[in-house]
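Coordinate-derived values only; no laboratory data. In this text the structure is predicted, and so the values were computed from the model without any measurement. Ideal geometry is used to build each Cβ from the backbone, glycine not excepted, and the neighbour counts take in all protein chains shown.
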Amino acid sequence: MFHTQLEWLNTLKPNFKVLPLKERLLCGIGALLGLTISSFISWYVLGDFNAWYIAPMGASSVLLFAVPASPLAQPWNMVVGNVIAGVIGVTCAMYIPGQTEAFSIAVALSIFLMMTTDSLHPPSGAVAITAVLGGEPVHQLGYAFIFYPVLLNSVLLLVVAIIFNRMLGKQYPQVAQVNTRSKDPTPTQKVSIQPKDIQEVLDQQTELLDISEYDLQKIILQAQEKASARAVSQFCCQDIMSRDVISLHAEDDIHLALNKFKDMNLMSLPVINAEGGLVGTLALYEVVEWFKRAADPKAGWEHKVRHIMSKKVVTVQPMQPVHDLIPYFVERSFNYIPVVEQQRLVGIISRADMIAVLDRQLSTLLKQ
């Protein structure tokens, strides 16, 4: 009987991911910092003003710091939604005598207008109610209530949320599309599920989903990659890597590097130190840029590869599955990826290597 009751209670719970303890703590710390900083600045700007901070900002902080990927938490929704609710709430407070009727109509109109302008932000409903039930300090402000504290609080909290989420490595605000190079679908999408396919399905939905089309695309593509990985045999990086690696030394002269690019007809090369450790990568375009600024006296000291190389390098391990490399070659157009073991360059995997292994896997599937 007790077990049955627990199962019934589980049907009331959302199908929502419970984040690890560290992530939950960071969400709480973000809200703490956001509310404290924005509240202090609002208080400093407005002085002894009684309504220098409003309660709906607490609800906004839940979205901004706990679920920043939600469409409801985006800056447009935060600012525009609160402004719309503020305008409607103040107007209803002025012209509708009964408080119950005033805040009910204010919330209803706010929802309609926010959905019409694609700026739905749930805490904005509380902004509309605050404009009606906020008491004399709020009513005395009239339409100034929209600018302070509503707009002031919103912008300050939003700025803190952007900085905090970026510091944690989270993409906030959300970018509009997966393919950042063009409006076309990415190479992976062209042969699988495309954004227009997802959009057509979403257009048929009559309910608002609390997930962005961008995140939906990422989840579907990642799930498809995992499904494809189960359907093909797994190669490790050491199985297909080239061990006789053409590379540059950090102390090489840039002119020597250019000659190697010309002789090998390559667009980029890994850079190693005297011990054989990978320390960077140098692309041909970086050499071209160096020649462009060679006449600049400020750049006169640049004459070695280490002066102009990129120190940020994506690497893989010898035993890492080849399937992990596909997004780099397909979505980010990498020419090669170095294979590193104990910080030493032991091999390299080129785009041609990937094409060969994928062709073999495709042939194997067709024979099955």
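Below, the figures for the structure above:
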item	result
Selected from V322, V18, V138 as most flexible by GNM, with the chain as the system and alpha-carbon contacts under 10 Å	V18
Acute angle (nearest 10 degrees) that the helix 254-264 long axis makes with the longest principal axis of the chain, alpha-carbon atoms	70
Exposure proxy order (Cβ contacts within 10 Å, fewest to most) of E275, E286	E275, E286
Order by protection proxy (mean Cβ within 10 Å, highest first), peptides 213-224, 328-339	328-339, 213-224
Efficiency of FRET from Cβ geometry, V314 and M264, R₀ 22 Å, rounded to 0.05	0.60
Size of electric dipole in the stretch 237-367: Cβ of Lys, Arg +1 and of Asp, Glu -1, about Cα centre, debye, nearest 20	200
C-alpha long axis of helix 75-95 to longest principal axis of the chain, angle in °	10
Residues E136, E289, E207 arranged by fewest to most Cβ contacts within 10 Å	E207, E136, E289
Cα lying deepest toward the dipole's positive end in the chain, options S119, W301, S60, charges on Cβ	W301
Mean Cβ neighbour count within 10 Å, used as a protection proxy, ranking 278-284, 27-33 highest first	278-284, 27-33
Two-site FRET efficiency, A352 against Y44, from Cβ-Cβ distance with R₀ of 35 Å, rounded to 0.05	0.05
Within the chain, percent of DSSP bridges classed antiparallel, to nearest 5	85
Relative packing of peptides 89-98, 139-148, 74-83 - highest average C-beta neighbours within 10 Å first	74-83, 89-98, 139-148
Three-way shape label, the stretch 16-101, alpha-carbon gyration tensor, a/c 1.5	oblate
Helix 99-116 vs. the chain, principal-axis angle (Cα, 0 to 90°, nearest 10)	30
For M309, M264, order by how many other beta-carbon atoms lie within 10 Å, fewest first	M264, M309
Anisotropy class of the stretch 108-158 from Cα gyration tensor, a/c 1.5 cut	oblate
Convex hull (Cα only) mean projected area of the stretch 237-367, reported in nm² to one decimal	9.0
Percent RCO, i.e. relative contact order, over the chain, from Cα pairs under 8 Å lying at least 6 residues apart	14
Per-residue [θ]222 nm for the chain (sum of -39500 (n - 2.57) over DSSP H runs n ≥ 4, rounded to 500)	-16000 deg cm²/dmol
